[in-house]
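In what follows, a single structure is set out as structure tokens and then discussed.
The values are calculated or read from the model by the stated rules, or taken from the named source; none is laboratory data. The structure displayed is predicted, hence computed values, not measured ones. Cβ: placed from backbone, ideal geometry, glycine included. Neighbour counts: every protein chain shown. Each accessible area value is taken on the protein alone, full model and side chains, heavy atoms only, with ligands, DNA and RNA left out. Shrake-Rupley method; radii C 1.70, N 1.55, O 1.52, S 1.80 Å.
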Amino acid sequence: MQYGLKDYEVEKIIRHSLNKNPDLKYYINNDYIEELISLFVEGVGQAIEANNKKVFSDIERELRLKKRGAL
């Protein structure tokens, strides 16, 4: 069962937001900056997906502990 967004879904949302102003790519015509932005978007997507997995794992753990009467 998957809760939250997958990394590629987060990337899609961020890239869509960045593409709202296509003139930025024209004015910032630098391959290094484009690569930096791409790596940043990927990293944010991965971080959010990892956080979602951790939250789900923590919720499952808490529910198991409650079921056992440990909490």
* **Where a residue in the stretch 54-68 is under 18 Å from residue 6 (Cα atoms) and its partner, wherever it lies, is open to solvent by 70 Å² or more (accessible area, probe 1.4 Å), with Cβ under 7 Å and at least six apart** => 56/3
* **Residue selected from the stretch 14-71 under the condition out of contact with any Asp or Glu (no Cβ under 8 Å at 6 or more places or on another chain) and among the acidic types (Asp, Glu), by the criterion least open to solvent (accessible area, probe 1.4 Å)** => 58
